[in-house]
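Novice: Encoded as structure tokens, here's the structure I'll be asking about.
What follows draws every value from the coordinates through simple rules; no lab data is involved. What you are looking at is a predicted structure, and each value in this text was computed from that prediction instead of being measured. Neighbour counts are summed over all protein chains in view; Cβ atoms, including those assigned to glycine, are modelled from backbone coordinates with ideal geometry.
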């Protein structure tokens with residue numbers, strides 16, 4: 001049996017040309033390497049902070065500051081590197097998760113629209129701008145961390161692209177923003193409810209991303225590499241320069257605390273050295289008592305007196321003073337016990353240290 005063949009046109013019957021369907025060009029596949037790399041960096045640094053001792057759910061502000069957190073009184077007084085380091089720190093796993101949801105949701109789209117270098121420029125400039133805005137907030141003693149400034153910058157860049165290329169934004173593009181919008185909604189709602197979460201970084205990041213997006217999205221295609229690099233370099237330079245020329249916000253409470261903290265750090269470091277020497281039996285009990293009374297107690301008493309006279313400290317002033325008193329009493333009692341080789345007295349001094357540690361924990365709550 002022969003294979004079926006197409007029917008031949010009937011002779012004399014009218015014929016009609018059937019137009020071929022216009023081929024739909026598939027969206028070019030684009031692997032968002034920068035988005036994945038930034039997400040990996042944020043997650044990796046969070047894992048590292050936990051390994052170094054930070055709480056995975058709610059690290060203290062003091063710990064975050066000591067490891068690169070952003071605080072206007074320090075950042076704008078000669079430590080501008082905090083503008084960058086604070087972008088990769090997070091105040092707990094929930095904070096990290098929401099920001100990564102926004103980064104993965106919006107970053108892939110922006111990386112496709114602006115290219116890898118363009119997206120990198122947007123993310124870094126927006127993050128730095130958000131950090132700078134946060135550092136300028138009136139309550140300059142607040143420690144801020146997180147990638148939300150950069151995430152809001154991604155939203156700003158989307159806005160810039162929509163303004164310049166509205167006709168090219170289709171429904172599928174908008175669907176890609178669900179993760180970003182969820183992150184934005186979380187940060188806005190949570191930021192309005194919590195006094196410790198500032199909206200300055202969000203606003204600064206959005207403006208930075210918007211301006212950067214406007215500079216990059218002027219053409220019909222992805223921005224040329226040269227323009228993307230130039231925008232990134234000029235944007236970063238502008239934010240860093242601003243950090244050196246803007247006035248340093250004054251927070252008298254925080255300034256007093258930081259002054260004592262500097263004294264405390266030096267004294268506790270010396271105390272740790274003395275303990276090690278005592279355990280190694282390289283000094284006698286009488287020598288340890290001399291070191292406590294001559295090296296530790298005089299600067300501690302002076303720092304405590306200066307702080308109490310300043311009237312600073314805010315709502316935790318009484319707790320901080322209690323911590324200073326307990327630590328001082330611990331050294332005084334221990335020195336007395338060491339001179340007399342009186343073990344019960346030495347243990348009373350150690351008990352004061354434990355009480356001071358409990359007061360220190362209340363300071364970070």
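Novice: Could you put 262, 356, 148, 91 in order, starting from the residue whose Cβ has the fewest other Cβ atoms within 10 Å?
Specialist: Going from least to most buried by this count: 262, 356, 91, 148.
Novice: Next up: Using Cα pairs under 8 angstrom and six or more residues apart, how large is the relative contact order of the stretch 252-364, in percent?
Specialist: Here the relative contact order equals 28 percent.
Novice: Ok, one more. Using a basic spin-label model with each label point 7 Å from the Cα along Cα→Cβ, how many nm lie between residue 354 and residue 318?
Specialist: Computed distance between label sites residue 354 and residue 318 equals 2.5 nm.
Novice: Now for a different question. For the stretch 67-113, what is the Kirkwood estimate of the hydrodynamic radius, computed as the reciprocal of the mean inverse distance between distinct Cα atoms, to one decimal in Å?
Specialist: Result for the stretch 67-113, one decimal place: 12.3 Å.
Novice: So between residue 287 and residue 97, what do we pick up on full extension, going 0.36 nm a residue minus the alpha carbon distance?
Specialist: 63.1 nm
Novice: Find the eigenvalues of the gyration tensor of the Cα atoms of the stretch 252-364, then list the square roots of 5 times those eigenvalues as equivalent ellipsoid semi-axes, largest first, in whole angstrom.
Specialist: 27, 14, 11
Novice: A further question on this structure: Mind giving me the nanometre distance, one decimal, between the label points for residue 50 and residue 339, set 7 Å out from Cα along Cα→Cβ?
Specialist: About 5.0 nm, to one decimal.
Novice: Work out, step by step, the length gained on full extension between residue 41 and residue 81: first 0.36 nm times the residue separation, then minus their alpha carbon distance; give nm to one decimal.
Specialist: 12.7 nm
Novice: Roughly how far apart, in whole Å, are the Cα centres of the stretch 100-158 and the stretch 65-95?
Specialist: 14 Å
Novice: Give the calculated FRET efficiency between residue 225 and residue 294 to the nearest 0.05, with a Förster radius of 51 Å applied to their Cβ-Cβ distance.
Specialist: 0.20
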